[in-house]
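Each reported figure results from applying straightforward, stated rules to the coordinates on display, with no laboratory input. The shown structure was predicted, so the numbers you read here are calculated from the model rather than taken from an experiment. Backbone-built Cβ (ideal geometry, glycine too); neighbour counts: all protein chains shown.
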Amino acid sequence: MNAAKGAVGGGASLVFLMLAVPAMAGTREPPPNYTFKMDVAMAMRHFPWLHFHMQGVGTYQLGVSYTVHFTSLPWFVPKSRHDFDLSMIDPLMWPKHYLYQQIGQQDGDAIFELHAIDDPGLRNATVRLGPGGLAREVQTAYSDGTTIDTKVSNSNVNGFLLPVAMKADINEPHLALSASADFKDYDFNPTAQSIKMSQ
């Protein structure tokens, strides 16, 4: 199913689905807008076994955007990859970005399938949500053959359940990487200027 076909052919079911996930996510207190820092360690899983680090500043605006802008990257990373969208790991962001439906359950977790509304490069994604609508695992497949399997660790941060770490196996054509990311320095009172600078 592509986004256009799903939007035209399933109007009534889309309305139902848009209500289902926020209700699940509503079992936890939604966080206010915030900023954070992200440190990412990456390693090639084949010759020449390169290791490198990336650093970025993230911004969360409830129901609007959830992104990281990388400020420190290796020279060989293209500029088109300086920004990373995290909306897939927060179901409160889904209605704006994805068509989605629950496709099953596993060990008490709900499994959702997502299709991007405005990203033709994403073929599909499967997200496993634990209690409170927190993403635990995300599997994505892209039209260029890339697949990414991500595990998310959540914890209490200033009274809110938020991501504190992610681990991912990235398999691009002719390139296999492992990534480990830490979320840190959460700021729940960001100024308009700090939000603008991180975008």
Quick one: if you stick a label point 7 Å off each Cα along the C-beta vector at SER143 and ASP109, how many nm between them? 2.9
Packing rank of 123-132, 39-48, where each peptide gets the mean count of other beta carbons within 10 Å, highest leading: 123-132, 39-48
Ordering of 69-76, 135-142 by packing [mean C-beta count within 10 Å, highest first]: 135-142, 69-76
